[in-house]
Amino acid sequence: MKTERKIEILLKFVSSEITHDCNKAYSYNCEVDMAVEQESTADGYEVYTFKHPGDELCLSENVYYYDSDLPELITEALTDGECLLYIDEYLYEDLGIEEQLEESFVEYVEDIIAQESNGKEDNILTEKELEELKEEYEYENEE
């Protein structure tokens, strides 16, 4: 199964979404829960902000000098559920968010399979994908 599909499944499972549309983050009717952005300081350094778009900037809580913690923080915000996160497409790629989300998928795969196996009406997976995941992750039904 492709990485993009695994991420799509994970985000649907936890009821979260990623958008690269800045209009959703900064419109009058702000739809986004969290935004991740790269900013420049007055003296030319690059820093990262991670906050709700409508909130005031707090240096000690929202600004990151290094990007190493951001992928984990972003993934945690998304997997906590019901989060619409804005991040520029280039920053999404530069930070390696895709890889972090794929790792998280592995943590959730058993729960996803169990939920999908129960025959819910609004399934995330097709039957073929369900069987593929069961085989790939060596899932055994607990009966």
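The values are calculated or read from the model by the stated rules, or taken from the named source; none is laboratory data. Owing to the predicted nature of the structure, the values given are computational and were not obtained by experimental measurement. FYI the Cβ positions are ideal-geometry reconstructions off the backbone, even for glycines, and counts take in every protein chain you see.
Residue under question is residue 133, and the condition is that it be modelled with pLDDT of 95 or more, part of a helix (DSSP H, G or I) and either farther than 28 Å from residue 31 by Cα or touching a helix residue (DSSP H, G or I) at 6+ places or on another chain (Cβ under 9 Å) (or both); does it hold?
No: the conditions fail for residue 133.
Quick test for you: out of 91, 125, pick the one residue that is more than 15 Å from residue 3 (Cβ to Cβ), surrounded by 15 or more Cβ atoms within 10 Å (Cβ to Cβ), modelled with pLDDT of 95 or more and of a type in the set (A, V, I, L, M).
Within the list 91, 125, the selection yields 91.
Return the residue satisfying two criteria in turn: it lies in segment 112-122 and is assigned to a helix (DSSP H, G or I) and more than 17 Å from the chain's Cα centre (by Cα), and of such residues it is modelled with the lowest pLDDT.
Checking each candidate, the answer is 117.
Pairs, please: C-beta under 6 Å, at least 6 apart or cross-chain, first residue closer than 21 Å to residue 66 by Cβ and in segment 90-111, second in a helix (DSSP H, G or I) and of a type in the set (A, V, I, L, M, F, W, C)?
Cβ pairs passing all conditions: 95/70; 97/74; 101/7.
Tell me which residues, restricted to segment 63-73, are crowded, with 16+ Cβ neighbours inside 10 Å and assigned to a loop (DSSP other than H, G, I, E, B).
Answer for segment 63-73, where residues must be crowded, with 16+ Cβ neighbours inside 10 Å and assigned to a loop (DSSP other than H, G, I, E, B): just 67.
I need the full set of residues from segment 31-54 which are hydrophobic (A, V, I, L, M, F, W, C) and either crowded, with 16+ Cβ neighbours inside 10 Å or touching a strand residue (DSSP E or B) at 6+ places or on another chain (Cβ under 6 Å) (or both), in order please. I'd like the intermediate steps shown before the answer.
Taking segment 31-54 and keeping what is hydrophobic (A, V, I, L, M, F, W, C), we get 32, 34-36, 42, 47, 50.
Matches in segment 31-54: 32, 34, 35, 36, 47, 50.
Since residue 76 meets every condition but one in (1) in a helix (DSSP H, G or I); (2) more than 16 Å from the chain's Cα centre (by Cα), which condition does it not meet?
Condition not satisfied by residue 76: (2).
Check segment 100-114 and report whether any residue there is in contact with a strand residue (DSSP E or B) (Cβ under 9 Å, 6 or more places away or on another chain) and surrounded by fewer than 12 Cβ atoms within 10 Å (Cβ to Cβ).
Within segment 100-114, none of the residues are in contact with a strand residue (DSSP E or B) (Cβ under 9 Å, 6 or more places away or on another chain) and surrounded by fewer than 12 Cβ atoms within 10 Å (Cβ to Cβ).
May I ask you to say which residue of 6, 12, 24 is in contact with a Leu (Cβ under 9 Å, 6 or more places away or on another chain), assigned to a helix (DSSP H, G or I), touching a residue at least 40 places away in the same chain (Cβ under 8 Å) and under 21 Å from residue 96 (Cα atoms)? I'd like the intermediate steps shown before the answer.
Numbers: 12 fails: in contact with a Leu (Cβ under 9 Å, 6 or more places away or on another chain); 24 fails: under 21 Å from residue 96 (Cα atoms).
Going through 6, 12, 24 in turn, the sole match is 6.
Quick check on residue 86: is it within 22 Å of the chain's Cα centre (by Cα), more than 18 Å from residue 1 (Cβ to Cβ), part of a helix (DSSP H, G or I) and among the hydroxyl-bearing types (Ser, Thr, Tyr)?
no
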